[in-house]
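The values are calculated or read from the model by the stated rules, or taken from the named source; none is laboratory data. These numbers come from a predicted model, not from an experiment. Cβ: placed from backbone, ideal geometry, glycine included. Neighbour counts: every protein chain shown. Areas reflect the complete protein model, heavy atoms only, side chains present, ligands, DNA and RNA absent. Shrake-Rupley method; radii C 1.70, N 1.55, O 1.52, S 1.80 Å.
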Amino acid sequence: MGHSDGDHDDLSADDSPWSEDIWSDDNEGSLSFEDSGEGSDAESDETDAPAAEESDSSEDEVAPRNTVGDVPLVWYKDEEHIGYDISGRKIKKRDREGRIEAYLRNADDAKNWRKIYDEYNDEEVQITKEEAKIISRMLKGKTPHTNVDPYPDYVDWFEYDDKGHPLSSAPEPKRRFVPSKWEQKKVVKLVRAIRKGWIKFDKPKEEPNFYLLWGDETDTADNKRQGLSYIPAPKPNLPGHEESYNPSVEYIPTQEEIDSYQLMYEEDRPKFIPRRFDCLRSVPAYEKALREGFDRCLDLYLCPRTRKKRINIDPESLKPKLPSKKDLRPYPRTCYLEFKGHNGPVKSLSVEASGQWIASGSSDGTIRVWEVETGRCIKVWKVGGVVHRVAWNPQPDRHILAAIVDHDLLLLNAEIGDEEVQMRTKKLLHIEELAPEEEETGDKKPAVKWVNHDKFDGIVLIHHKAVSTVEWHFKGDYFTTVVPSGDSRAVLLHQLSKKHSHHPFRKLPGLPIAAVFHPSQKMFFVATKKFVQVYDLQKAQIVKKLESGVREISSISIHPGGDNVIVGSKMVNCVGLILIYPHVHTRH
Amino acid sequence: MPKHYRPAGKKKEGNAAKYITRTKAVKYLQISLATFRKLCILKGVFPRDPKKKVEGNHKTYYHMKDIAFLFHDPLIEKFREIKVHRKKVKKAVAKKNKDLADRLLNRPPTYKLDRLILERYPSFVDALRDLDDCLTMVHLFAALPAVEGERVQVQRIHNCRRLSHEWQAYISRTHSLRKTFISVKGIYYQAEVQGQKITWLTPHALQQVLTDDVDFNVMLTFLEFYETLLGFMNFKLYHSINVNYPPVLDPRLEALASELYALCRYMSSGIVPGNSESAKLVEDKDESELRLAQLQHQLPSNEPGALMHLVQESTAADVEDDDAKECSSLFKNLKFYLSREVPRESLLFIIPAFGGTVSWEGEGAPFDETDEDITHQIVDRPTQSHVFLSREYVQPQWIYDCVNARIILPAEGYVVGRVPPPHLSPFVDNSAEGYIPEYAETIKKLQAAARNQVLPLPSIGDEDMEKTLVEAIIDRSASNEVAEKKRKLEMLEQQYHDELKMEYEGKTYSHMKSDNQSDVVDNDSEAANNHVDDSYKQAEKDAADISKTVMSRKQRGLLEAIEIHHSRKKDKVNLLKKRKKNAESSASAKGR
């Protein structure tokens, strides 16, 4: 800094009058400080510090020339003043210098680098040398003043007792000279561990990863899997045509179909919708690949596996083989005889015990007796009511026909056979007296009333309610009728010789359907809707109760041999035939 | 102790004693659920369905024997050891005992799965039978991005890639590939090894995204087992064709990501009988092995012709059936060149498997595009700018269709820029399905044509001639149908002419009626016939109904289920037919 002296001179000489106003506020100290600062740094330590403090405070005290306050200067850009002084006069701006002028002036001025234009106050400030030094120090990150020491020596202000003796005078302890016992123990431990191979430092040797795991396949005993039987997981489904990247047109659903999938249940919805790509390069990555792999993994380890036999069954083989009609031969195939005469549908048919005669009842209100061989109608009764049932007396020498006409039972003399037989039959079918019986029953209406039929030379059994079936005992003296709606008097037993009837069963398990006599023994069968009850007639008690297992029994019959009972039922579509063995078991 | 005596606290007999729920099994084994899961996956233990679910319907049951099987496995102890080891390391790190931590990390407890594999698959065929899932999984992981910081370790993905390539190289080398199918999900392959059909799926060679909806722990456990299994399988298979197993590959080819080709080359050179040079080198250690791998490149066997020669030689030595012979000679004498945009890995696998020679665009390729002998170039771009007249330019689908049909299909339909014919699945039995797609029938005809013709397989020169012959034979079979149609048309025309003539002659309608009375009678009789038919049908139906009612309820249910199944199938076929009809009609409308 050769021109330092000149600097100061220029400062005083070059300053304009308004700048002098400010600098005149500076006290002498600051100027003297500059002088002394130049002379010697070391000497001025004491005096500088207060001076610096003063200058700092004085700088704050200097009021700015500008009085506009804290407003943007742009507002005053076009004005020629910057605020007003205390007496109300305008504080004028300096005249604008031309650029060339300024340049020339600056070129001449050696101290130009120290000048800074203060826009706010509209003046040029010249930085003193000291200030420049401070700035350069601050830029370097040092303290602004040279005479401030940031790291002064520590001054111990307090006194301690041991101050005069820095080292202990105690003798050195033994442990300083002897190796540590515990360290040694630790080392011994480590050494032993290393020796015994508990601690290994080298990496374990790499064995060959793969070798021939499956040797010869000859010994089969070793090749058996141990433990439970292994159930292999079912293989994933193989892809069909529709999964192709380029399926044929018919595999691609139309837009409407795809939309309709939305209406389906989620389970029914197709998981995969086929798409068509024109070329292989346009096929994108399948985004569900990982997910599907994962699902397969889950299936493999979470799904319970069972062995299930999937047989490829032909549905035809499931259907039971119905016997072909050929196998069922011989059966009547051609019509041999026709019995013509009835006008309405024939409701019932009965063959006489000798097999020579047939009786038929029809809904046209007639009962006819025919000869089987010739088809000739022997006899016609016009009973004048729907004939529900006809039944021959099983005794060959009693040609009696029982018929249900409308509500009641009619016993008719068929008037066939030789005269003696006819006589006996006629006798049998005659009621002598009935008045006293009627009085006996009195108030309650009897279940059955035996009345002579005047027109046909027979007997009418007038029942209290509609009769449904009639069955003869094999000896031909007894017969039974069933009145389904008869409650406690539903099943009736009648004796022909005594013209007497009674109702032995007070209670039955359900609605009676039919009743039959055993063909050879003293047994009696009553069929209700679900059961068949077997009674012993002599002991007058129930012997057995047969459960048919069908929904509704409609008819019952007993094999002439007496071993088997056959029951017919009303099933939905067909009539099932059920065999019941009274002794042991039931077969369907 | 008598059998009926049951001490207090013991299980009853039967299902209650035989089966155990999962929660109880976990408790019994004294392990965590995660470990149990892992153990089950590795040991191949699966839940079983007891006849009677004693503890409730919604629980998973394991057989007690299975659980006992797990209980006695040394793997349980190993898993515990690993857990303890992990704790030790954690403790050492927490105590800032770096030495100990390092030492522990240096020797973590490991386990091997070879024993488990032998236990689960005592014979090799057993393992082959269950290989489908294994291959699909390994190929799936091989296609995942090998990026550090993802949920799957990079090293494992590389391992999967290596294993899958090794497997493919074996299949390709032994010509045991049978069927291929490009689906939307990826490419399906079916190979036949030792009489077992093995099907697997490889994803398309595109970037897969790791999704969040899968549990990678489970998948990686499966993968762990599958990797080991496939390694041993590969060893056995390589052993069976006299090739050293961990194959040493040419690092140059490996760097070019054409490991499969490198492997193929390794295998074909490994069996050179009189290769003294390589024999000498084999005795040396790893370094020389690498050198050997590099040398393979310079060996004469690297030329495609020589390679093919070797392949031929080896296959001749094998005992093989017609199928394999047919497969190995499908692309015989054909030379393929792959463009940049076709799936190279898949085609590099398939073409050699069917006896073809192949090269590709890129470094390390055995021959250039300019090679004169190339017969087919596989291209998958809209247009081909520079065309060699000596070769066919076909789309990649051609290869797959040829492989499935086992004949060389005419390339017209697959020419660059055209939409190829539909790609059909070879896994579908069309006749069982009840619907035969149109293109399947075309292929069938072509196959029949090829079979009738007792010509040697097409060589490069007379390809065109062969094609015309095939066409001629197809024409012959088609011409019959055409003739039939023509005859019918003629008849119709004749009838029309007759009627016209009658009109000309001025015959009235009544005349015609009298003329045609016989026809009417005929019609009547026909109607009567129809009636008879109807009643016959009715009778038949009745008989069916009767037999249905006689059936037991269980059987009837079964029958109904079968019928429903049949009707569904029928509906499906009908739908397909309807769509086909619609498509055809719309196409014809457009054509007009």
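For this structure, a couple of remarks:
- Scanning segment B:211-242 for residues that are among the hydrophobic types (A, V, I, L, M, F, W, C) and within 7 Å of another protein chain (Cβ to nearest Cβ) turns up B:VAL214, B:VAL218, B:MET219, B:PHE222, B:PHE232, B:PHE235.
- Criterion violated by B:PHE71 - all others in (1) free of Cβ contacts under 8 Å to residues at least 40 places away in the same chain; (2) within 22 Å of A:LEU300 (Cβ to Cβ) satisfied: (1)
- Of all residues in segment A:273-283 being out of contact with any Asp or Glu (no Cβ under 7 Å at 6 or more places or on another chain) and either more than 7 Å from chain B (Cβ to nearest Cβ) or closer than 17 Å to B:ASP212 by Cβ (or both), the one that is least open to solvent (accessible area, probe 1.4 Å): A:PHE277
- Residue that is open to solvent by 70 Å² or more (accessible area, probe 1.4 Å), not polar (S, T, N, Q) and not in a helix (DSSP H, G or I), where the choices are B:LYS65, B:LYS83, B:LYS96: B:LYS96
- Selected residue (criterion: nearest to A:ASN246 (Cα to Cα)) from residues of segment B:376-394 that are open to solvent by 10 Å² or more (accessible area, probe 1.4 Å) and touching a Lys or Arg at 6+ places or on another chain (Cβ under 9 Å): B:ARG381
- If the condition is being surrounded by 15 or more Cβ atoms within 10 Å (Cβ to Cβ) and closer than 24 Å to B:LEU42 by Cα, then segment B:200-219 contributes B:TRP200, B:LEU201, B:THR202, B:VAL214, B:PHE216, B:VAL218, B:MET219.
- Scanning segment A:293-339 for residues that are touching a residue at least 12 places away in the same chain (Cβ under 8 Å) and loosely packed, with under 12 Cβ neighbours inside 10 Å yields A:THR306, A:ARG307, A:LEU337, A:GLU338.
- Segment A:226-242 residues that are at the interface with another protein chain (Cβ under 7 Å from one of its Cβ atoms) and open to solvent by 60 Å² or more (accessible area, probe 1.4 Å), paired with ones that are among the aromatic types (Phe, Trp, Tyr) and part of a loop (DSSP other than H, G, I, E, B) (beta carbon under 6 Å, 6 or more apart): A:LEU238/B:PHE427
- Subset of segment B:165-189 [polar (S, T, N, Q), open to solvent by 10 Å² or more (accessible area, probe 1.4 Å) and within 11 Å of chain A (Cβ to nearest Cβ)]: none
- Of all the listed residues (A:ARG281, A:ARG276), the sole one being out of contact with any Lys or Arg (no Cβ under 6 Å at 6 or more places or on another chain) and not in a helix (DSSP H, G or I) is A:ARG276.
- Single residue of A:ILE116, A:ILE100 found to be outside any helix (DSSP H, G or I), of a type outside the set (Ser, Thr, Tyr) and closer than 30 Å to A:GLU80 by Cα: A:ILE116
- Of all residues in segment B:220-251 being in a loop (DSSP other than H, G, I, E, B) and out of contact with any Gly (no Cβ under 7 Å at 6 or more places or on another chain), the one that is most open to solvent (accessible area, probe 1.4 Å): B:ASN242
- Failed item, numbered, when B:LEU558 is tested on (1) at pLDDT below 85; (2) within 14 Å of chain A (Cβ to nearest Cβ): (1)
- Odd one out for B:HIS63 among (1) under 17 Å from A:THR306 (Cβ atoms); (2) more than 14 Å from chain A (Cβ to nearest Cβ): (2)
- Any hit, segment B:439-449, residues being at pLDDT 80 or above and in a loop (DSSP other than H, G, I, E, B): no
- Residue match in segment A:286-303 (condition: out of contact with any Phe, Trp or Tyr (no Cβ under 7 Å at 6 or more places or on another chain), more than 7 Å from chain B (Cβ to nearest Cβ), over 22 Å from B:GLU119 (Cβ atoms) and not in a helix (DSSP H, G or I)): yes
- Test: A:VAL534 is in contact with a Lys or Arg (Cβ under 9 Å, 6 or more places away or on another chain), modelled with pLDDT of 85 or more and either among the β-branched types (Val, Ile, Thr) or open to solvent by 40 Å² or more (accessible area, probe 1.4 Å) (or both): yes
- Boolean, A:LYS522 is among the charged types (D, E, K, R) and touching a Pro at 6+ places or on another chain (Cβ under 7 Å): no
- Qualifying residue in segment B:521-530 (condition: modelled with pLDDT of 65 or more, assigned to a helix (DSSP H, G or I) and not acidic (Asp, Glu)): yes
- Considering residues of segment B:369-408 that are within 14 Å of another protein chain (Cβ to nearest Cβ) and assigned to a strand (DSSP E or B) only, the residue farthest from the chain's Cα centre (by Cα): B:TYR393
- Cβ-Cβ under 6 Å pairs, at least 6 apart or on other chains, segment B:359-378 side among the charged types (D, E, K, R), far side at pLDDT 85 or above and outside any loop (DSSP other than H, G, I, E, B): B:GLU369/B:TYR337; B:ASP373/B:LYS335
- In this structure, A:ILE313 does satisfy being in contact with a Leu (Cβ under 9 Å, 6 or more places away or on another chain), within 14 Å of chain B (Cβ to nearest Cβ), of a type in the set (Val, Ile, Thr) and not in a helix (DSSP H, G or I).
- Pairing residues of segment A:110-124 that are touching a residue at least 40 places away in the same chain (Cβ under 8 Å) with residues that are assigned to a strand (DSSP E or B) and basic (Lys, Arg), at Cβ distances under 8 Å and at least 6 apart in sequence or on separate chains, gives A:GLU124/A:LYS115.
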